Amino acid sequence: MSTFVLIHGSWHDGSAWIAVINHLEAKGHQAFAPTIAGHGKGVDKNVNHHRCTQSIVDYIVSKDLTDIVLLGHSFGGTIIAKVAEAIGDRIRRLIFFDAFVLNDGESIRDNFPPHLQALLDELIRESNDRTVMLPFEIWQEAFINDADLDLAKSSYAQLSPEPYQPWIDKLDLKRFYSLSIPKSYLYCTEDNVLPQGEWGWHPHMSSRLGQFRFVQMPGSHEVMFSNPVGLAEKIIVAGRD
Amino acid sequence: MSTFVLIHGSWHDGSAWIAVINHLEAKGHQAFAPTIAGHGKGVDKNVNHHRCTQSIVDYIVSKDLTDIVLLGHSFGGTIIAKVAEAIGDRIRRLIFFDAFVLNDGESIRDNFPPHLQALLDELIRESNDRTVMLPFEIWQEAFINDADLDLAKSSYAQLSPEPYQPWIDKLDLKRFYSLSIPKSYLYCTEDNVLPQGEWGWHPHMSSRLGQFRFVQMPGSHEVMFSNPVGLAEKIIVAGRD
Amino acid sequence: MSTFVLIHGSWHDGSAWIAVINHLEAKGHQAFAPTIAGHGKGVDKNVNHHRCTQSIVDYIVSKDLTDIVLLGHSFGGTIIAKVAEAIGDRIRRLIFFDAFVLNDGESIRDNFPPHLQALLDELIRESNDRTVMLPFEIWQEAFINDADLDLAKSSYAQLSPEPYQPWIDKLDLKRFYSLSIPKSYLYCTEDNVLPQGEWGWHPHMSSRLGQFRFVQMPGSHEVMFSNPVGLAEKIIVAGRD
């Protein structure tokens, strides 16, 4: 049985994983879902990428979790890469789940196609606190495209504004790319958040991992809401020895 | 419950949708499937693209259909784009189903890869009335590759020659690209009519829509024959609010 | 009912198909799975590509098999192309199953992406008999990524070292590309042995066939072990008239 640590993406917090964790536990696994610093409702959003990473390192160390399968969703992919640099000896395998895999020296924003960079820049210009909220229409159409309106609304209500700074911090990933920790990439075939093709999650971004175990399932970027049981099953496949 | 208007592709007529409509109606929706001018058996095939579009506009207006989900399959994608320019206020959402999304100023033929342009030019040279019939072998192998021989034959018997002119008319689509009507792209993962990759339906052509809801299902270009119930289910997902 | 001849890939021998053949026979078909010369355990591995091809030609002729559906998996794709040149009149259809389709004049090695060429060159430098064994870690992660550890181990135990020479022989395929035998390409959507995208099986390599029937299923490069019944069902679809 495995110990999973699930790292959420932008706008989300650890509560996004509740249904997934229930199923992982029902199958006999342990699972933890910390909230990244600067994320969640009603907290100080003034964080940079390093502060985000450190909060997860602190969580894992304080609970003394070892031999973990560490999963990052979306933005969370950049967190687990840096966490692996810091405490790789506690990690049995990394799972990138529709997640950013940055090249050394890049930021998340660098990996947006031009039209999404423009949209992001517009949202940040309209912001007065350097956070960005995802418009509901984009959430419904591009993020959770496999959900009905009720689920799109109820899941949207769980989101909160995303701090901008971690998206533009350039990450030194030289050490990450020297690590020999096994890696998996879990890809949802209807995920169009990064438009499929030239700028997409897979194979464009996944291939940066070099050798990895490829696991695929139907669904949108937000299957933790639209199909948590199916996602939990695939996390088990992606994470097993 | 929704009102669907389903626009067929080349060689087809409105009867292609019968099994799909039966299932949509069983689920409580309304659905209409007009035949485009110059299409179907025993009719005058001397039409251009504008005449095709106008026949669908006339159909929708004469029935006074409003708040419709307008779906175009294959060639039908070029029809719904122009219908949306004409009567966009009657349209709740557009669904492009393995459909052409042309750039402004292009024709359908412009979007064929070179080897299909050559095949088409050969077929039109052999024609004495500027219509093109699809050879059965291509139908069976490339269009309805998920069907057995009996279904390939019975569905082929429903086809009729396609007028050539609408394929080479260059379309002014400036207004279409300024419309704010929500759009979906429904893609069948075994559709190889436009060869997958550089010239394919998705993401090559779908991405021209800008923001859209992406919906996917297994099957060939002709799932209205090979899997009409599955297609109807996905049309509901693609078309819902 | 069809007569299938199933040609295995590198490191495999004919025994890889036992479970698939059982299911094909249960469905009323005949199926044969010869072992390519220089393949299997305890045999002389000093072969070139021509010797490999000739062994399959000899098998088919000696059994006087006619009207066959000839399937090649992976490396086996290069074998069936050359067998079709030699005895095309015995072949009803070719199925390329996650298989190499070489351009005229190329070798298999020419179709590896640079990082796999480098890996291969390293493995061959370490070899003292011009054969290459696949490391278990690569087998488990990249070849049979849909299997659990037990199945990864038991299937790995069936493998044997692969002769290197057939991978670097340049193949004259002019005649193959002039044949009018119908062709299918069967693709597994989680097959990442050739990394998906620029160097991948589909559509990169499949498209070289020109017109072909496209059939797809979930699974890894090694579904003959991880899902033999599902594979047999798709072989029937790919091979039917």
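The values are calculated or read from the model by the stated rules, or taken from the named source; none is laboratory data. Nothing here was measured: the structure is a model prediction, and the numbers come from that model. Here Cβ is always computed from backbone atoms with ideal geometry, including for glycine, and neighbour counts include all displayed protein chains.
Report, by residue number, each residue of the stretch B:209-228 that is aromatic (Phe, Trp, Tyr) and part of a helix (DSSP H, G or I). Even if it seems obvious, please write down each step before you answer.
First, the residues of the stretch B:209-228 that are aromatic (Phe, Trp, Tyr): B:212, B:214, B:225.
Hit for the stretch B:209-228 is B:Phe225, nothing else.
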Residue in the stretch B:55-73 that is closer than 29 Å to B:Ala157 by Cα, in contact (Cβ under 8 Å) with a residue 60 or more places away in the chain and of a type in the set (Phe, Trp, Tyr) present: no
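Closer than 29 Å to B:Glu222 by Cβ and not aromatic (Phe, Trp, Tyr) - does that describe any residue in the stretch C:160-179?
Applying the first criterion (closer than 29 Å to B:Glu222 by Cβ) to the stretch C:160-179 yields C:177, C:179.
Applying the additional criterion that residues be not aromatic (Phe, Trp, Tyr) yields C:179.
Taking every residue of the stretch C:160-179 in turn, at least one turns out to be closer than 29 Å to B:Glu222 by Cβ and not aromatic (Phe, Trp, Tyr).
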Any chance A:Ala84 is within 21 Å of A:Leu173 (Cα to Cα), surrounded by fewer than 24 Cβ atoms within 10 Å (Cβ to Cβ), in contact with a Leu (Cβ under 8 Å, 6 or more places away or on another chain) and of a type in the set (A, V, I, L, M): yes
Close pairs (9 angstrom Cβ cut-off, 6 or more residues apart or separate chains): at pLDDT below 95 in the stretch C:117-142, in a helix (DSSP H, G or I) and among the acidic types (Asp, Glu) anywhere: C:Gln117/C:Asp110
Failed criterion for A:Pro113 (all others in (1) without any contact (Cβ under 8 Å) to a residue 40 or more places away in the chain; (2) within 14 Å of chain B (Cβ to nearest Cβ) hold): (1)
Checklist (1) crowded, with 24+ Cβ neighbours inside 10 Å; (2) of a type in the set (Val, Ile, Thr); (3) under 27 Å from C:Asp129 (Cβ atoms) applied to C:Ile235, failing item: (3)
Search result, residues across the stretch A:193-227 that are farther than 16 Å from B:Phe214 by Cβ, in contact (Cβ under 8 Å) with a residue 60 or more places away in the chain and surrounded by fewer than 21 Cβ atoms within 10 Å (Cβ to Cβ): A:Arg208, A:Leu209
Condition broken by B:Lys234, with the remaining ones in (1) under 26 Å from A:Ser226 (Cβ atoms); (2) more than 10 Å from chain A (Cβ to nearest Cβ); (3) in a helix (DSSP H, G or I); (4) in contact (Cβ under 8 Å) with a residue 60 or more places away in the chain satisfied: (4)
All positions within the stretch B:196-208 that are of a type outside the set (D, E, K, R) and either in a loop (DSSP other than H, G, I, E, B) or farther than 12 Å from B:Val101 by Cα (or both): B:Gln196, B:Gly197, B:Trp199, B:Gly200
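Conditions tested, residue by residue: (1) aliphatic (A, V, I, L, M); (2) over 22 Å from C:Leu186 (Cα atoms).
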{"site": "B:Ile95", "(1), (2)": "yes, yes"}
{"site": "B:Pro113", "(1), (2)": "no, yes"}
{"site": "B:Met133", "(1), (2)": "yes, yes"}
{"site": "B:Asp146", "(1), (2)": "no, no"}
{"site": "B:Asp150", "(1), (2)": "no, no"}
{"site": "B:Tyr156", "(1), (2)": "no, yes"}
{"site": "B:Pro161", "(1), (2)": "no, yes"}
{"site": "B:Lys170", "(1), (2)": "no, yes"}
{"site": "B:Cys188", "(1), (2)": "no, no"}
B:Arg109 vs. criteria more than 14 Å from the chain's Cα centre (by Cα), closer than 25 Å to C:Leu209 by Cβ and among the basic types (Lys, Arg): yes
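Let me confirm something: among A:Lys183, A:Lys234, A:Lys153, A:Lys174, which residue is under 21 Å from A:Leu123 (Cα atoms), charged (D, E, K, R) and modelled with pLDDT of 95 or more? Let's see the steps before the verdict.
Values: A:Lys183 fails: under 21 Å from A:Leu123 (Cα atoms); A:Lys234 fails: under 21 Å from A:Leu123 (Cα atoms); A:Lys174 fails: under 21 Å from A:Leu123 (Cα atoms).
Criteria check complete, one pass: A:Lys153.
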Filtered residue count, the stretch B:193-229, keeping only those that are at the interface with another protein chain (Cβ under 8 Å from one of its Cβ atoms) and among the hydrophobic types (A, V, I, L, M, F, W, C): 3
Matching residues, the stretch C:145-192, being within 14 Å of chain A (Cβ to nearest Cβ) and either without any contact (Cβ under 8 Å) to a residue 40 or more places away in the chain or surrounded by fewer than 22 Cβ atoms within 10 Å (Cβ to Cβ) (or both): C:Asp148, C:Leu149, C:Asp150, C:Leu151, C:Ala152, C:Lys153, C:Thr189, C:Glu190
From C:Ser55, C:Ser74, residue being crowded, with 20+ Cβ neighbours inside 10 Å, polar (S, T, N, Q) and under 16 Å from the mean Cα position of the chain (by Cα): C:Ser74
Residues (polar (S, T, N, Q) and either within 20 Å of B:Asp98 (Cα to Cα) or touching a strand residue (DSSP E or B) at 6+ places or on another chain (Cβ under 6 Å) (or both)) located in the stretch B:1-53: B:Ser2, B:Thr3, B:Ser10, B:Ser15, B:Gln30, B:Thr35, B:Thr53
